[in-house]
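Have a look at the structure below before the remarks.
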Amino acid sequence: MHWVIVTLPLAVIGLVVGWAASRALSRARRPAPVPVWCGPATGALWGATGLLAAQGVLPGWWLPVPLAAAAFAVPLAVADLRYRRLPDVLTLPAYAVALAAVGSAAASGPGPPLALAALVGGAVTLACHGAVHALAPGSLGPGDVKLSGSLGVLSTAAGWPTLVVSLVLASLFTAVLGAAAALAGTRRWRDGVPHGPGLLAATVLGVSLPGEVVRVGS
């Protein structure tokens, strides 16, 4: 029953976090309301992360990183799918959440090298996405650029291979989404296919099953 002690509280806290993030989107200067189920979906992600830790798949010191990645993932992904926007009300606080999570993991685990690598990775990711946006604004919006830095911090904390794989998976997800929209004949994303959902999903997956971290923690 040890897994229940870990999983259930995290699921409840995650639900509250998801609900608060959804409320923030609804009350933003440019509101982007999302469905009520975004709260329970966030709780499910947090609960699943706790289960991985309880089963020994993730070392305990690493737990803050996947929780941070999942904190705003569902509300932001749904907002991007619905409105083709990633509001500042969540993308900017995500930096503080990511830095706090990586700092906590570094302090309890490998130490300063992890935090330093994460900072460099976040800066590189932000710069690369900024360059793509400058060259081809239709492919990436400003919200994608703002979001990329915080997610880059989290992915690189798991290792540079995780960052690379996450970016590749995000691009593949976006391509599949665009192909599906084209086949369905929808005009919902005439200004470009949203890249945020793929970036968020790939990051959550990457930091939830990070091989390098498991080896370090074992």
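Counting only residues that are in a loop (DSSP other than H, G, I, E, B) and among the β-branched types (Val, Ile, Thr), which one in segment 161-198 is surrounded by the fewest Cβ atoms within 10 Å (Cβ to Cβ)? Among residues in segment 161-198 that are in a loop (DSSP other than H, G, I, E, B) and among the β-branched types (Val, Ile, Thr), the one surrounded by the fewest Cβ atoms within 10 Å (Cβ to Cβ) is Thr186. All of Val17, Val34 fail the test of being under 18 Å from the mean Cα position of the chain (by Cα), under 11 Å from Val74 (Cβ atoms), modelled with pLDDT of 95 or more and outside any helix (DSSP H, G or I), apart from Val34. Being farther than 24 Å from Arg85 by Cα and either β-branched (Val, Ile, Thr) or assigned to a helix (DSSP H, G or I) (or both) is the requirement here; does Leu45 meet it? Criteria not met by Leu45. Among the residues of segment 47-58, are any aliphatic (A, V, I, L, M), within 29 Å of Arg188 (Cα to Cα) and at pLDDT 95 or above? Within segment 47-58, not a single residue is aliphatic (A, V, I, L, M), within 29 Å of Arg188 (Cα to Cα) and at pLDDT 95 or above. Looking across Val65, Val78, Val74, one residue alone is touching a Cys at 6+ places or on another chain (Cβ under 8 Å), at pLDDT 95 or above and crowded, with 23+ Cβ neighbours inside 10 Å. It is Val74. Residues that are touching a residue at least 60 places away in the same chain (Cβ under 8 Å) and within 20 Å of Gly149 (Cα to Cα) were ranked within segment 89-110; the one that is surrounded by the fewest Cβ atoms within 10 Å (Cβ to Cβ) is Val89. Scanning segment 138-160 for residues that are over 18 Å from Gly198 (Cβ atoms) and surrounded by fewer than 21 Cβ atoms within 10 Å (Cβ to Cβ) yields a single hit, Trp160. Counting only helices (runs of 4 or more DSSP H) wholly contained in segment 52-152, the ones carrying 1 or more residues that are charged (D, E, K, R) occupy 73-83, 88-91.
Table: residues versus (1) within 23 Å of Arg23 (Cβ to Cβ); (2) out of contact with any helix residue (DSSP H, G or I) (no Cβ under 6 Å at 6 or more places or on another chain).
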position: Val74; (1), (2): yes, no
position: Ala115; (1), (2): no, no
position: Cys128; (1), (2): no, yes
position: Leu135; (1), (2): no, yes
position: Gly138; (1), (2): no, yes
position: Ser148; (1), (2): no, no
position: Leu154; (1), (2): no, no
position: Trp160; (1), (2): no, yes
position: Phe173; (1), (2): no, no
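The values are calculated or read from the model by the stated rules, or taken from the named source; none is laboratory data. Bear in mind that the values here come from a model prediction, so they are computed numbers and not experimental data. Please note: Cβ atoms are built from the backbone with ideal geometry, for glycine as well, and neighbour counts cover all protein chains shown.
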